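Each remark here refers to the structure printed beneath this line.
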Amino acid sequence: MDKMDACGAFDRGSNPLEGTKKMKVELSSSLKTLYPKAVFGSLMVRGVPNKKSEVLEQSKRDLEIKIRESHIGPQEDEIIGSYNAYFKKWDKKYPIIFQVETIKQGNNLPNISLLVDSMFLAELKNRILTSGHDLNALRDNLMFDISEGNEQYLKLNNDSQKIKNDDVILKDERGILASILYGPAKRTSITPNTKNAVYFAWCPYGIGEDLIRAHLNDIFSSLCLGFKSPVAETKIYT
């Protein structure tokens with residue numbers, strides 16, 4: 001477990017979240033059997049009332065330039081390739097591929113909100129699949145699990161989605177929070193009213209824990225540009 005105080009580096013000593021409600025996250029035995037190399041990470045952040053902001057616009061432009069000047073296509077990227085192997089089992093493509101291709105064609109990253117943009121910026125930079133949630137909307141006892149193929153949940157666009165069999169899902173006591181194939185549920189999504197957030201990094205085929213921590217720290221660093229005193233805690237789950 002790593003703690004971060006108000007926009008500082010990782011702090012392995014005092015806990016700025018001491019006394020606050022703890023978030024319990026587990027991996028099911030079924031997931032560990034089907035995806036033995038799976039690893040997940042979380043970044044829990046408090047004191048971040050969501051807002052629209054321009055503070056990340058230069059960071060977005062810099063990343064867009066880097067992507068356009070890169071001679072490596074999204075299909076050749078090792079991390080993207082690992083995720084794409086997962087999506088190909090269902091004849092799908094890792095969504096980051098489309099996002100990279102769109103930017104190479106000259107499009108820009110949108111300005112949605114600071115909590116959402118911080119996640120998208122890090123996700124595109126590091127190619128690590130990430131979901132963002134309103135921390136206050138979660139219930140206790142979260143679990144990464146394998147879908148049975150009969151679960152349904154309401155997506156961000158208000159469509160009801162039936163989940164494919166053997167997809168990796170995250171659920172709490174009320175139901176599905178997200179799946180790899182179909183993304184986060186509307187029930188716990190980040191909204192303009194969000195004040196505390198949690199981000200999850202999803203790596204079903206494994207990735208170095210240091211890369212996951214660096215990815216989550218990128219999100220936190222972006223948040224620090226727009227919030228004066230957020231406090232955060234990261235964890236890795238295997």
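Since every read-out is calculated from the coordinates, none of them should be taken as a lab result. These numbers were taken from a predicted model, which means no experiment stands behind them. When we count neighbours, we look across all protein chains shown, and the Cβ atoms used for this are built from the backbone with ideal geometry, even at glycine.
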Could you pull out the pairs from Lys22/Lys228; Lys104/Lys171; Lys22/Lys92; Lys24/Lys162 whose alpha carbons sit more than 32 Å apart here?
Lys104/Lys171; Lys22/Lys92
Just to be sure I understand: of the beta bridges DSSP finds with both ends in the chain, what percent are antiparallel, rounded to 5?
95 percent
Scaled radius of gyration (Cα, divided by 2.2 N^0.38 Å) that the chain gives
0.97
Note, segment 98-109: 3J(HN,Hα) by Karplus (6.51, -1.76, 1.60, θ = phi - 60°), whole Hz, Gly/Pro = x, goes 5, 5, 5, 4, 5, 5, 4, 7, x, 7, 10, 5
Per-residue Cβ contact counts at 10 Å, fewest first, order Val55, Val100, Val168 as Val55, Val100, Val168
Taking the Cα centre of each part, how many Å lie between segment 204-238 and segment 155-179?
23 Å
Can you work out the PRE-style zone for Asn107? Point 7 Å along Cα to Cβ, and I want the residues of segment 68-83 with backbone N under 15 Å.
68
When only Cα pairs under 8 Å and 6 or more residues apart are kept, what is the percent relative contact order across the chain?
38 percent
I need the Kirkwood Rh of segment 80-121: take the reciprocal of the average 1/r across all distinct C-alpha pairs and report it in angstrom.
11.7 Å
Percent of alpha carbon pairs in segment 148-238 separated by more than 21 Å?
44 percent
Using a Gaussian network model of the chain whose springs link C-alpha atoms within less than 10 Å, name the residue from Ile65, Ile146, Ile176 with the highest mean-square fluctuation.
Ile65
